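Asker: One structure coming up, written as structure tokens, with questions to follow.
Computed from the coordinates by the stated procedures, all read-outs in this text should not be read as laboratory data. Source: prediction; values computed, not measured. Don't worry about glycine lacking a Cβ; one is built from the backbone with ideal geometry, like all the others, and counts go over all protein chains shown.
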């Protein structure tokens with residue numbers, strides 16, 4: 001049986017689409033269709049059921065993928081580990097949310113970008129969870145950090161760490177409200193405060209209100225900036241309250257340039273996932289970065 005046909009078959013099985021598999025393989029969609037039909041003729045059985053959107057594997061298709069995929073991944077690992085020293089500096093394409101990637105992931109990974117023969121070159125891009133996962137699925141990235149767990153067989157996700165969210169504002173706002181009033185009244189005491197957020201939909205504030213106060217925020221956004229680091233800067237300057245990851249505002253809390261408005265017994269958390277295309281952990285530079293980030297994340301939680 002032709003290994004190239006099996007490789008195409010496994011890619012289609014993971015991608016759930018001839019078109020997406022073609023993009024990952026660097027082939028045309030007709031070429032992928034032709035290879036799958038050739039393999040089906042050789043086996044004498046259909047491997048996929050064509051749907052309006054994508055394809056669904058038959059029972060035989062699932063069985064073949066289960067048997068063939070580990071061996072194909074092992075062959076990729078052998079090929080990758082067999083590279084000589086002169087060609088071993090690979091490029092890792094990383095994607096993720098701008099703040100977490102810049103503050104956490106990139107500083108950790110730059111330790112692996114040396115020229116010791118085991119490092120790699122690093123290219124990073126930022127985007128939303130949807131953009132990041134779509135880019136990973138299309139083959140534009142090797143490794144993605146996402147706040148959404150992907151579905152399907154094409155992508156494989158592992159929990160990376162949890163991020164604690166805190167409600168903060170400049171000290172003058174806490175003085176104006178009064179700590180005791182805030183403790184007694186809760187969310188109603190915050191209704192007249194301006195809000196700093198990353199989007200008009202107030203994703204961080206709304207999630208905090210729902211989790212902690214079991215309600216929706218009454219205020220609308222006063223300052224909207226699409227970067228949490230800018231949200232922090234505006235909150236420090238007194239623009240209003242904000243909900244931020246604790247790691248991002250820890251220094252400001254320590255030096256008193258910003259104050260925590262509320263300290264719930266169970267703070268809201270957001271989980272980050274480390275995501276790869278299924279099978280690509282056979283590639284040493286991706287596997288090393290994946291392992292290194294998971295190791296570094298033990299100190300982030």
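Asker: Between residue 292 and residue 201, how high is the FRET efficiency from 1/(1 + (r/R0)^6) when r is the Cβ-Cβ distance and R₀ = 45 Å? Nearest 0.05.
Answerer: Between residue 292 and residue 201 the formula returns 0.85.
Asker: Roughly what angle does helix 246-255 make with the longest principal axis of the chain, taking Cα atoms, 0 to 90 degrees, to the nearest 10?
Answerer: Computed tilt is about 30 degrees.
Asker: Treat the count of other C-beta atoms within 10 Å as a stand-in for reagent exposure and order 300, 173 from fewest to most.
Answerer: Ordered from fewest to most neighbouring Cβ atoms within 10 Å, 300, 173 come out as 300, 173.
Asker: At a 10 Å Cβ-Cβ cut-off, how would you order 122, 244, 6, fewest neighbours first?
Answerer: Ascending number of Cβ neighbours within 10 Å: 122, 6, 244.
Asker: Below 8 Å, C-alpha to C-alpha, sequence gap of six or more: please give me the relative contact order for the chain in percent.
Answerer: Contact order relative to length: 22 percent.
Asker: Then there is this: Would you work out the relative contact order for the stretch 163-270, in percent, from Cα pairs under 8 angstrom that are 6 or more residues apart?
Answerer: Normalised by residue count, the contact order of the stretch 163-270 is 47 percent.
Asker: Determine, for each peptide in 129-141, 20-32, the mean count of other beta carbons within 10 angstrom over its residues, then list the peptides with the highest first.
Answerer: Those peptides, ordered most packed to least, come out 129-141, 20-32.
Asker: With N denoting the number of residues in the stretch 163-270, provide Rg(C-alpha) divided by 2.2 N^0.38 Å, to two decimal places.
Answerer: This ratio for the stretch 163-270 stands at 0.94.
Asker: Relative to the longest principal Cα axis of the chain, at what angle does helix 3-15 sit, 0 to 90 degrees, rounded to 10?
Answerer: 30
Asker: Under the rule of -39500 (n - 2.57) per DSSP H run of 4 or more residues, summed and divided by the residues of the chain, what mean residue ellipticity at 222 nm is obtained, to the nearest 500 deg cm²/dmol?
Answerer: The helix contribution divided over the chain gives -12500 deg cm²/dmol.
Asker: Starting from 0.36 nm per residue, how many nanometres of slack lie between residue 218 and residue 28 once their C-alpha separation is accounted for?
Answerer: Full extension from residue 218 to residue 28 adds 63.2 nm.
Asker: If each residue of separation counts as 0.36 nm, what is the full-extension length gain between residue 111 and residue 162 once their alpha-carbon separation is subtracted? If you can, show how the numbers build up before the last one.
Answerer: Details: separation 51, 0.36 × 51 = 18.36 nm, distance 2.27 nm.
Taking 0.36 nm per residue and subtracting the Cα distance, the gain is 16.1 nm.
Asker: Above 23 Å lies some portion of the pair distances; for the chain, what is it as a whole percent of all C-alpha pairs?
Answerer: Working: 28453 of 45150 pairs.
Distances greater than 23 Å cover 63 percent of the Cα pairs.
Asker: Could I ask something else about it? What is the helix-to-structure angle for 29-43, meaning the angle in degrees between its Cα long axis and the longest Cα principal axis of the chain, kept from 0 to 90 and rounded to the nearest 10?
Answerer: Compared with the principal axis, the helix lies near 50 degrees.
Asker: In the chain, what percentage of the DSSP-assigned beta bridges are antiparallel, given to the nearest 5?
Answerer: Just about 65 percent of them are antiparallel.
Asker: Separate question: In nm, give the distance between the simple-model label positions of residue 3 and residue 58, each being 7 Å from the Cα along the Cα-to-Cβ direction.
Answerer: 2.7
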